[in-house]
Amino acid sequence: GLGFKDAYMQIDEPFLNVFSLKAGIFDRPCGDEISYSSSSRETPERSLIFQKLFPDERDLGASLIIAAPKNTTLERLKLEGGLFSGNGIRVDDNSKLDFIGHLKYDKTYSNMSFGLGTSLYSGTTNNADSNLYTMQNGVWTREIVDKNLTNKRQYIGFDGQFTIETPM
């Protein structure tokens, strides 16, 4: 069958070239790895943690992108944040939106580049069964709860990249 990975519209503000609005199905702006092209990665697959936390990589949502103006001191600073379904490309199951934000600074020199970023994911997820596991005093404890309970889903992340190109 025929399928697609991304389907979104992006509107760039033409006067200051600072703001963009993106809406549709696209990569979640959480960390650097999700949006990093597989052709550029050192390994063919994403790390296990991103496969578990974001199994579909993409999500349905809308995002505001603010990039510092070109030819300024902060030129390579970019903030992206938006509201997403939280279910990847599957049907929404709780009618609540999740917030995802990523702040990044990157710089390129003649043969090397680096980047630093931080991410926040704040949302909810439905309980899959009547078991709820929580950490109490350093130990996982199980509690029997209503299956329709909505659980908090929060991630804070930091990312960094360093690349150097050599004749090899």
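Calculate I(q)/I(0) for the stretch 90-168 by the Debye formula, one identical point scatterer on each C-alpha and no solvent, and give its log10 at q = 0.13, 0.17, 0.21, 0.23 Å⁻¹ to two decimals.
Here log10 of I(q) over I(0) equals -0.65, -0.83, -1.01, -1.09.
Along the Cα→Cβ direction, 7 angstrom out, place labels at VAL139 and ASN151. What is the inter-label distance in nm?
2.0
Quick one: pull the percent of accessible area on the chain belonging to carbon and sulfur, 1.4 Å probe, ligands and nucleic acids left out.
Carbon-and-sulfur percentage of accessible area, whole number: 59.
Averaged per residue, what accessible surface does the chain expose to a 1.4 Å probe, in Å²?
70
Highest mean first, what order results for 113-125, 153-165 on Cβ atoms within 10 Å?
Taking the mean over residues of other Cβ atoms within 10 Å, the ranking is 113-125, 153-165.
Using unit Cβ charges (K, R positive; D, E negative) and no other charged atoms, how large, in debye to the nearest 20, is the dipole of the chain about its Cα centre?
Roughly 180 debye for the chain.
Wrap a convex hull around the Cα atoms of the chain, take a quarter of its surface area, and give that in square nanometres.
For the chain, averaging the hull's shadow over all directions gives 14.2 nm².
Once the piece of chain linking PHE162 and ASP6 is laid out straight, how much longer is it, given 0.36 nm per residue of separation minus the C-alpha distance between them?
Gain on extension, PHE162 to ASP6, equals 53.4 nm.
In terms of solvent-accessible area of protein heavy atoms at a 1.4 angstrom probe, what is the ranking of MET135, MET112, highest value first?
Reading off the accessible areas and sorting them downward yields MET135, MET112.
The values are calculated or read from the model by the stated rules, or taken from the named source; none is laboratory data. Computed from a predicted model, the values in this text were never measured in an experiment. No Cβ is skipped: glycine too gets one built from the backbone with ideal geometry, and neighbour counts run over all protein chains shown. Quick note on the areas: whole protein, heavy atoms, side chains included, nothing else; ligands and nucleic acids left out. Shrake-Rupley method; radii C 1.70, N 1.55, O 1.52, S 1.80 Å.
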